[in-house]
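Visitor: Right, I'll just put the structure down here and ask away after.
The values are calculated or read from the model by the stated rules, or taken from the named source; none is laboratory data. Computed from a predicted structure; not experimentally measured. Glycine also receives a Cβ, built like all others from the backbone with ideal geometry; neighbour counts cover every protein chain displayed. Accessible surface is based on the protein model in full, side chains and every heavy atom, while ligands, DNA and RNA are left aside. Shrake-Rupley method; radii C 1.70, N 1.55, O 1.52, S 1.80 Å.
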Amino acid sequence: DVDALRAEDALTDKTGTSFWRFGYHHQTNFTLENSGTWTTLPNGDRIWQIMLKSEGALTINLIFDNLVIPEGNELYIYNPAQTFVLGKFVDNHVVEKQLGSELVPGNTAIVEYYVPKANLDAKGSLNIKYLSHGYRTAEEYEEKAFGGSGSCNMNVNCPDGAPWALQKRGAVMLASSSAAGSGFCSGSLINNTANDGKPYVLT
């Protein structure tokens, strides 16, 4: 019920008590065992695919749990035209067996999981826990945010922001998840004392 969601958002957006919600969570339970289709390629490699559709969605993003990607296996998410592709995701992208995706434009997303022949006994595991039906877009968020700063806020791109020229390059917008759905939060990329470029985000 998008109208009901937008009515809730109208109140929350004014108070700033939660993130700027853009998506409604549908709880799912799609695994390698109970859903999708396995295809064996001529060379013996295998690919698992599932197509997910949410009627009326402007975007779709997915939240995985119980995600284990053994070395050599690869996970991808894309739209049917394959003009928007996320991945490859490997073990290094997984935190505590969880992964959240960026927003796939449109109302349909395809998940593809690749297992090489050498790994058929180590296929790993995944569960698509939530499909978030996007009913508001990043563009709408940007339009509402533009000009919404207070008189005491400085634009970092103006001369007053010159001392923060490096820091501003680390500003990010995050797609976050909670029981209420998916929403946008702010954050910053940060380095560590090893200066090794490990991708930490402070939010």
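Visitor: Going from most exposed to least, what order do 12, 83 have by accessible area with a 1.4 Å probe?
Guide: Order by accessible area, largest first: 83, 12.
Visitor: Counting GluC sites (Glu not before Pro) as exposed when in a DSSP loop with at most 16 other beta carbons within 10 Å, what is the longest stretch of the chain free of them?
Guide: 103-203
Visitor: Okay, next question. Hey, can you find the accessible area per residue of the chain for me, probe 1.4 Å, expressed in square angstrom?
Guide: 61 Å²
Visitor: Another question about this same structure. Extending each Cα 7 Å along its Cβ direction at residue 39 and residue 189, get the distance between those two points in nm, one decimal.
Guide: About 3.4 nm, to one decimal.
Visitor: Calculate how steeply helix 2-15 sits against the longest principal axis of the alpha-carbon atoms of the chain, using the helix alpha-carbon long axis, and give the answer as 0 to 90 degrees to the nearest 10.
Guide: 40 degrees
Visitor: Quick one: with all protein chains in place, what share of the accessible area of region 41-115 is carbon or sulfur, to the nearest percent (1.4 Å probe)?
Guide: 49 percent
Visitor: A further question on this structure: Just one of (i) 17.4, 51; (ii) 24.5, 77; (iii) 19.6, 64 is Rg and Dmax of the Cα atoms in Å calculated from these coordinates, so which is it?
Guide: Only one option fits the structure, namely (iii).
Visitor: Using only the heavy atoms of the protein chains and a 1.4 Å probe, how would 104, 156 rank by accessible area, largest first?
Guide: Sorted by accessible area, descending: 156, 104.
Visitor: If I model a spin label as a point 7 Å beyond the Cα along the Cα-Cβ vector, how far apart are those points for residue 200 and residue 180 in nm?
Guide: It is 2.8 nm.
Visitor: Same structure, new question: Just to verify a number: FRET efficiency for residue 168 and residue 97, C-beta to C-beta distance, R0 = 25 Å, to 0.05?
Guide: Calculated transfer efficiency: 0.15.
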